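Here the structure comes first, spelled out in structure tokens, and everything after it is commentary.
Computed from the coordinates by the stated procedures, all read-outs in this text should not be read as laboratory data. Quick caveat, the model's predicted, so the values are computed rather than measured. Cβ placement follows ideal geometry from the backbone for every residue including glycine, while neighbour counts extend to all protein chains displayed.
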Amino acid sequence: MNKRSSWALPYFIFMLIFVVMPLVMILIYSLTDGGGHFTLRNITKFFSDKDALSTFALSIEVAIENTLLCILIGYPAAWILADKRLNRSAVTVVLFILPMWINALMRTLATAELFTMAGVQLGKGTLLFGMCYDYLPFMIYPIYNQLSKMDKSYGEAAADLGATPGQVFRKVTLPLSMPGVWSGIMMVFMPTVSTFAISEFLTNNKIKLFGTIIQENINNSMWNYGAALSLVMLLIIGVTTVLQGGGDEAEAEGGTV
Amino acid sequence: MKARKVFAKAYLWLVLLVLYAPIAFIFIFSFTEAKSLGNWTGFSLQLYKNLFTGSMQNSSALLSAVYNTLLIALIASVIATALGTIAAIGIYYLRGRKRQVMSFLNNIPMINPDIITGVSLFLLFVFLGVSQGYTTVVLAHVTFCTPYVVLNVMPKLHQLNPNIYEAALDLGATPAQALRKVLVPALRPGMISGFILSFTMSLDDFAVTFFTRGTIGLDTLSTFIYTDARKGGLTPELRPLMSIIFLIILVVLLVINIRQSKQSNK
Amino acid sequence: MAKNYIIDIQHLSKSFGDTRVLQDISFYVRKGEFVTLLGPSGCGKTTLLRMIAGFENPDEGTILLDGKDILELPPYRRPLNTVFQKYALFPHLDVYDNVAFGLKLQKVPEEEIDKRVEKVLKLVSMSDYEDRNVDSLSGGQQQRVAIARALINQPRVLLLDEPLAALDLKMRKDMQIELKEMHRKLGITFIYVTHDQEEALTLSDTIVVMNEGRIQQIGTPIDIYNEPVNAFVADFIGESNILGGRMIRDRRVSFIGHEFDCVDEGFGEDVPVDVVVRPEDIYFTTEPAKCQFKAKVNSCVFKGVHYEMWVDTDSGFELMIQDYDPYPVGSEVMLYIDPDDIQVMHKERLRNSFEGVVLGDGRVEFLDAEFEADTTGFAEGDEVEVSVEFDKVDLLDHEEEAEVSGNVAFILYKGNHYHLTVKTDSGQNIWVDTNDIWDKGDLVGIKILAKDIKLSKKAVADE
């Protein structure tokens, strides 16, 4: 009976090596110098590096704006998709999640080219809208999932108790769909705050985001500083996850075909 | 009511239009010969011809990138499916604290942005002195794919009659026989969707591969595109390649979903 | 001596974490017998069955099959088969492959498998369903396949875990008859778990009544119905009036304010007892000479075959009576009870008694909480026996206003008051007499006034 629980052991060991240890590595490298001696220089360097700090602030700003934009556009779409009266076709849903399966770099390049062709100057505006293209499906899918598995009788009960359609939405549908919104936020905010290739393509290297700085440092063998920057990003992830409620909802988002 | 429906439909199609514009853009410009994207020099199937005959400047590099992408995706998702299924069964029977720890650890690679997964694994391999290449990329892909297999198999375990494994033992099956003859067949749908998800995530991955491929010149499609684009001109044959991949994925997903919705309607 | 029994269970105990699910369970099953483990949900009956099948291991005790200890054997080596509660048919196999599963594992030749599958499917009246997908079968049909799948292996004992619980009433009744018939025809020993007392009475040769992990009574259906050993069994099996009474002397008992002749002896003189009278055993009469007590009909409901009436006796008790003839509500009736139909039981306890510790300045700790009490004559740290009368315990709606909270676990109507078992949050029981109506599962606060807490020196003789 209890023996079957031991089947989790191989995966546990695997995760210790390939999930936990690597994170420990980030910590170790960010707290040591090239010779392996303990130092806080990497951390203090970040806080005295004006460029890094402003890039960091910009990354957070862009990620927040992009996430909000995705909610603004994605929520109504998810809501319409989940409403059986408005959308009866499963194919429409597939069409919405399909771009998730297309190589993101390729899509991004095409988006950038589209902007150029339309004569739009590549910059922060194209960055925002381009990333929104990329990540919109990741916002729509979890919200749609949450809304479509919601028991319709909640809305009916509210209507029965005298709520207008607007009130039903505000007081019942919206609060009950929040877990979906939260996992959408996780799926959009995290990648945008850390993206590097995408931002480079969309701004023609004009705007650097935090991910690019990490990448440049690692690629130029500045491992310790790169690790320190990664540690900063890990802290943001940690804070976001805690705010979101332990990341348990990540299970709700699942990710099935 | 009617107006609302029209409005809703219009909104959906507008969003879809915007969403697909770049893809359509690639698709349309795969039928012209021009070197740079967005430059229409008349309808031509030359790029498709080049792609299939391999007659282009860096054809061997592109073809080996495609080959690497598929092979890595296949190996990584087979391993992830096996590891994740067994792990899911184990986690399902864990209780209390141990179970919380396992789900917490399982959540980490899903929450971590690719760049963190990539950088952290890179540092691990550097620390351990492992030379990076095929093996490290596969291991890295297994790391971020397995959690999704666990997540896809878990609901099947919950749907499963809890007595089904015991019923097999009761009828004389040894634990190994019960796993092979009863559990795996019952979990198969979850394993398949976990496999497909792993496969596509591995195909699509850029950042993790970028950091764990080492310096031996190993390229997958993503890293190939990245270096290609940074060099300036994108290899034009990528356009027909992407169009074909897109069409294959479109067909596969539609078939799966239509079959699924038919099954659930039954 | 164990050799006469096909299954012999001795002193089984089992805990899951801190909860004891089984406590010192001993009973035996004769070859060919139909034994039912009966009890409310959570009484441990399913755990007991799973131990026999090999899915759980006891902490203590032994299980003998044909005189041999089988605890060391894994489930797949035990010559027993189980019919699971929700069928547990293999969803990816059709009916034939489900039924043939065990034989295929044993590598029985194919022709023989064919023959035996055909035979067993015929036995459960599922002959033409061999190729059907199990998901396409109705609940009743799935149940039949599950039984066939277990029977085909010719088990020494067939274990059935609430096999009919998921079926609707009509189907359940039909399947009961079929099961009984199968048992008779095959001569295989059945151990059957159910919470349905009617099912147990219909099917069994022997019933083992369980509650809170303990065996309450073992006996034939008739014994258990007619002579329940305690209030729990009397209440759980059939309808009954359970009343507090007093044994005056042998064969004379008083309850509901009247004295009656009975057939019970050996209780002693002037001893408090519980009395059970089945509702169909209270008779109406028109002859004043036969009348033992008078009552007024309070309600009368037609139940199909009989009428169910509640009457208020002249002494202020409420009784349930079942009779084929209705009496109008409000009418005065004369009633009597035959001595044979009065079942006298020892009271399980006369008052609450807890182990406690004196804390000083008028406080005492028991039930994992502190209470104010008269502690004169005791020193701080003294271990004491705390006793509280049933009717001195107050139950409150708002559990936060009380020292201890708990859930109502069991309710017994005793004619003029309710006798409740309340399980405290620390898992102990406290018994309460009250006139207030509570429901099973209600969360209540438990309050006891200082003057009602009686302390005494702890009995020296330890158990």
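List of remarks:
- Pairs from C:Lys392/C:Lys414; C:Lys45/C:Lys104; C:Lys423/C:Lys457; A:Lys84/B:Lys9; C:Lys104/C:Lys180 whose Cα-Cα separation, in the structure shown, is over 20 Å: C:Lys45/C:Lys104; C:Lys423/C:Lys457; C:Lys104/C:Lys180
- Rel. contact order, % - alpha carbon contacts under 8 angstrom, at least six apart, chain A: 27 percent
- For the stretch C:352-457, the relative contact order is 31 percent, taking Cα pairs closer than 8 Å that sit 6 or more residues apart in sequence and dividing their mean separation by the residue count.
- Simple Cβ-charge dipole of the stretch C:239-346, Lys/Arg +1 and Asp/Glu -1, about Cα centre, in debye nearest 20: 220 debye
- Modelled label positions at A:Asp51 and B:Leu254, each set 7 Å beyond Cα in the direction of Cβ, lie 4.9 nm from each other.
- Under the Karplus curve 6.51 cos²θ - 1.76 cosθ + 1.60, θ = phi - 60°, whole-Hz ³J(HN,Hα) for the stretch B:17-29, x wherever Gly or Pro sits: 4, 4, 4, 8, 3, x, 5, 4, 4, 4, 4, 4, 7
- The stretch C:71-107-the stretch C:309-330 distance, computed between alpha-carbon centres (Å): 53 Å
- When chain B is treated as a GNM with alpha-carbon contacts under 10 Å, the residue of B:Ala61, B:Ala176, B:Ala24 showing the greatest mean-square fluctuation is B:Ala176.
- Taking the stretch C:405-448 and a reference point 7 angstrom along Cα→Cβ of C:Thr19, the backbone N atoms nearer than 12 Å belong to C:427.
- In degrees, nearest ten, helix B:114-128 long axis to first principal axis of chain B (Cα): 70 degrees
- For the pair A:Ile28 and C:Asp131, a Förster radius of 56 Å applied to the C-beta separation gives a FRET efficiency near 0.35, rounded to the nearest 0.05.
- Note on the stretch C:375-410 and the stretch C:442-459: Cα centroid distance 3 Å, given to the nearest whole angstrom.
- Mean projected area in nm² (Cα convex hull; one quarter of hull surface) for chain C: 27.8 nm²
- Radius 12 Å from Cβ of C:Gln10, net charge of other residues (Lys, Arg +1; Asp, Glu -1): -4
- Comparing B:Thr174, B:Thr209, B:Thr81 in a Gaussian network model of chain B, where Cα atoms under 10 Å apart are tied by springs, the biggest mean-square fluctuation is seen for B:Thr174.
- For C:Val404, nonlocal amide neighbours, meaning residues 5 or more places apart or on other chains whose placed amide H falls under 5 Å from its own, are C:Ile446.
- Anisotropy class of the stretch A:64-209 from Cα gyration tensor, a/c 1.5 cut: prolate
- In straight-distance terms, cross-link reach from B:Lys49 covers every one of the aspartates and glutamates whose alpha-carbon lies under 12 Å from its own, apart from those fewer than eight places away in the same chain; here that gives B:Glu33, B:Glu237.
- Using θ = phi - 60° and Karplus 6.51 cos²θ - 1.76 cosθ + 1.60, couplings along the stretch A:154-169 (whole Hz; Gly, Pro as x): 4, x, 5, 4, 5, 4, 4, 8, x, 7, 6, x, x, 5, 4, 5
- Global form of the stretch C:89-195, assessed from the alpha-carbon gyration tensor, a/c cut-off 1.5: oblate
- ³J(HN,Hα), Karplus 6.51/-1.76/1.60, whole Hz, each residue of the stretch B:197-202, x for Gly, Pro: 4, 4, 4, 5, 5, 5
- Over the stretch C:25-181 - Rg/Rh using Cα atoms and the Kirkwood inverse-distance radius: 0.96
- Between C:Val263 and A:Phe38, the simple label model (points 7 Å from Cα in the Cβ direction) yields a spacing of 8.8 nm.
- The coefficient of translational diffusion for the protein assembly as shown, derived via Stokes-Einstein from the alpha carbon Kirkwood radius under 4 °C and 1.567 mPa s, stands at 38 µm²/s.
- Considering only alpha-carbon pairs that sit under 8 angstrom and 6 or more positions apart, the relative contact order computed for chain C is 11 percent.
- Rounded FRET efficiency, nearest 0.05, which uses the C-beta distance separating C:Glu60 from C:Lys451 and R0 of 51 Å: 0.75
- What you get for the protein assembly as shown, charging only the Cβ of Lys and Arg (+1) and of Asp and Glu (-1), is a dipole of about 6220 debye around the Cα centre.
- Computed E for C:Val301/C:Tyr413 - FRET, C-beta separation, R0 22 angstrom, nearest 0.05: 0.85
- Summed residue charge, Cβ within 15 Å of A:Leu31's Cβ, Lys/Arg positive, Asp/Glu negative: +1
- Between C:Lys170 and C:Lys68, the distance separating the two model label sites (each 7 Å from Cα on the Cα→Cβ line) works out to 4.8 nm.
- Counted by Cβ distance under 15 Å from C:Ile147, the other residues give a net charge of +4, where Lys and Arg count +1 and Asp and Glu count -1.
- For chain A, the gyration tensor built on C-alpha atoms gives an oblate shape. Its axis ratio a/c (a ≥ b ≥ c) is at least 1.5, and a/b is not larger than b/c.
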